[in-house]
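Enquirer: Quick one: the structure is below, and I'll ask about it shortly.
The values are calculated or read from the model by the stated rules, or taken from the named source; none is laboratory data. Keep in mind that this is a model prediction, so the values were computed, not measured. With ideal geometry, Cβ positions are generated from the backbone for all residues, glycine too; neighbour counts draw on all protein chains shown.
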């Protein structure tokens, strides 16, 4: 690990990677908390995979059509927002078709991406880095985009805290309080879309879902409010990405997969730990609740 | 209070509602004056909750007109306090009792960004009215069914409602807790109109001023007329009345006058 820290001081690409990981952690903690609160993990998965269509199309236009300015991440942003809005509208209009829409967006997005990448000469290795992440390839340009997206989603997640909490807890009551439930649902899906793009650079689109759910589940166990979950989850993710980066650098392993395996391991440990404490707590708490008179 | 003529709390004229082509309510006329305490009774699937949701503006009628406080209900929904039937929520959602009650202040107080101390104070006041203010920092999912029901009533009260509408608020409670909720509602009725779905006919006769019997059609009975209802219903009322008396500490009126 000390090797890694020294290397960070020497190599700009490691600094960029570290910065990307930390930036993504904040967005992931905030938006992941809403994903778990509103139970839209499957939608997040669908959006994540559809992003390949945007990445592939942008890469194709960039190299074949020579649109130099079109960074693949821009394509990812467009594809993710498009997927979020399509899934959102379907789920609001025809709730029973939501699953079908997600599956369709999920697979069609990937198919579009695969075709574009196949038609793009000399960039086959891109496919792997989109799917499984390549945080070491983060450039200053993409770092700026990541920072901008980060700012947007975190600000939205905090400004509309009460509205998002209300639609997550009790949609009917929120509607009666004059909250535009549909608009906030679509807004939340768009926030998920932007966060997915952030995370794709870190762990790749296949593994986004793990980072968006597991740390939140760990933090949620320890929190009494969504705000606490957000802060705690962001810290956990920041630690995971940093340690994961260090381990992958020292052991020469792919960074994305290393981060995800660390995440999975941490989740497993807390799961076992929680069930152990619950068993201890039940034998104690059971007696306490018996003594309490019913209100 | 000024003497000016106020629109009634609820007025429904010739309202019909169907769900997937199945008529749930037909030709419904309802009139609930302000300050009334109305009980809605009827068989399961008879349309009680649908009737309430039409009043709340959560459903729109196929035909007919619904007016609440003289306006279409969705325009005045912020002036209605709604207590849903024990509803399904995400049990893993980390949310405190205080957070739940503060939702009642949405669209009233400043509600962009994090919650303020003022909001928390309002939540505490509302919880005090239902005497569970000590729960404010407890996780909502960790409280008992009876406590949750009180918290949901507190959330409705936090909206400063003119009408309180409740859907079977005592469905998951034991008799003692049920009695406390009814005492509370009677107290609240001094300040606001109360409309309540209940399966407990004994309670209906003891506390409410009028009864809506809902079974696809709706009939309204002031409780003073209850004696004229069929013997079968009366028997049902009588059987429950015994139970009511046991936890009715205020004494209160009997079934009929």
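Enquirer: If a residue has to be in a helix (DSSP H, G or I) and within 10 Å of chain A (Cβ to nearest Cβ) to count, how many in region B:150-159 make the cut? Working first, answer last.
Expert: Taking region B:150-159 first, the residues in a helix (DSSP H, G or I) are B:150-157.
Now restrict to residues that are within 10 Å of chain A (Cβ to nearest Cβ): B:150, B:152, B:155-156.
Total satisfying the criteria: 4.
Enquirer: Right, here's the next one. From A:173, A:184, which residue is in contact with a strand residue (DSSP E or B) (Cβ under 7 Å, 6 or more places away or on another chain) and either in a loop (DSSP other than H, G, I, E, B) or within 14 Å of chain B (Cβ to nearest Cβ) (or both)?
Expert: Selected residue: A:173, the only one of A:173, A:184 that is in contact with a strand residue (DSSP E or B) (Cβ under 7 Å, 6 or more places away or on another chain) and either in a loop (DSSP other than H, G, I, E, B) or within 14 Å of chain B (Cβ to nearest Cβ) (or both).
Enquirer: Against the definition (assigned to a helix (DSSP H, G or I), in contact with a helix residue (DSSP H, G or I) (Cβ under 7 Å, 6 or more places away or on another chain), within 14 Å of chain B (Cβ to nearest Cβ) and buried (at least 23 other Cβ atoms within 10 Å of the Cβ)), how does residue A:216 come out, yes or no? Full working, then the answer.
Expert: Details: assigned to a helix (DSSP H, G or I): yes; in contact with a helix residue (DSSP H, G or I) (Cβ under 7 Å, 6 or more places away or on another chain): yes; within 14 Å of chain B (Cβ to nearest Cβ): yes; buried (at least 23 other Cβ atoms within 10 Å of the Cβ): yes.
Considered against the rule, which asks whether it is assigned to a helix (DSSP H, G or I), in contact with a helix residue (DSSP H, G or I) (Cβ under 7 Å, 6 or more places away or on another chain), within 14 Å of chain B (Cβ to nearest Cβ) and buried (at least 23 other Cβ atoms within 10 Å of the Cβ), residue A:216 comes out as yes.
Enquirer: Here's another thing I want to ask about it. Given A:155, A:166, which one is within 14 Å of chain B (Cβ to nearest Cβ) and closer than 27 Å to residue B:84 by Cβ?
Expert: Numbers: A:155 fails: closer than 27 Å to residue B:84 by Cβ.
Answer to the selection: A:166.
Let's see how each residue does on (1) touching a helix residue (DSSP H, G or I) at 6+ places or on another chain (Cβ under 8 Å); (2) farther than 27 Å from residue A:219 by Cβ:
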{"site": "A:9", "(1), (2)": "no, yes"}
{"site": "A:19", "(1), (2)": "yes, no"}
{"site": "A:26", "(1), (2)": "yes, no"}
{"site": "A:36", "(1), (2)": "yes, no"}
{"site": "A:60", "(1), (2)": "yes, yes"}
{"site": "A:67", "(1), (2)": "yes, yes"}
{"site": "A:78", "(1), (2)": "yes, yes"}
{"site": "A:110", "(1), (2)": "yes, yes"}
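Enquirer: Given the criteria within 14 Å of the chain's Cα centre (by Cα) and at pLDDT 85 or above, does residue B:171 qualify?
Expert: Working: within 14 Å of the chain's Cα centre (by Cα): yes; at pLDDT 85 or above: no.
For residue B:171, the condition - within 14 Å of the chain's Cα centre (by Cα) and at pLDDT 85 or above - is not met.
Enquirer: So which helices (runs of 4 or more DSSP H) stay within region A:1-113 end to end and still have 2 or more residues that are within 14 Å of chain B (Cβ to nearest Cβ), buried (at least 16 other Cβ atoms within 10 Å of the Cβ) and under 17 Å from the mean Cα position of the chain (by Cα)?
Expert: Details: elements: A:2-10, A:12-37, A:41-63, A:72-93.
It comes to A:12-37.
Enquirer: Restricting the search to region B:81-103, which residues are touching a strand residue (DSSP E or B) at 6+ places or on another chain (Cβ under 8 Å), at the interface with chain A (Cβ under 7 Å from one of its Cβ atoms) and outside any loop (DSSP other than H, G, I, E, B)?
Expert: The answer is B:82, B:96.
Enquirer: Could you list, in sequence order, all residues of region A:237-248 that are closer than 20 Å to residue B:92 by Cβ and either free of Cβ contacts under 8 Å to residues at least 60 places away in the same chain or within 14 Å of chain B (Cβ to nearest Cβ) (or both)?
Expert: Quick first cut of region A:237-248, residues closer than 20 Å to residue B:92 by Cβ only: A:237.
The answer is none; no residue qualifies.
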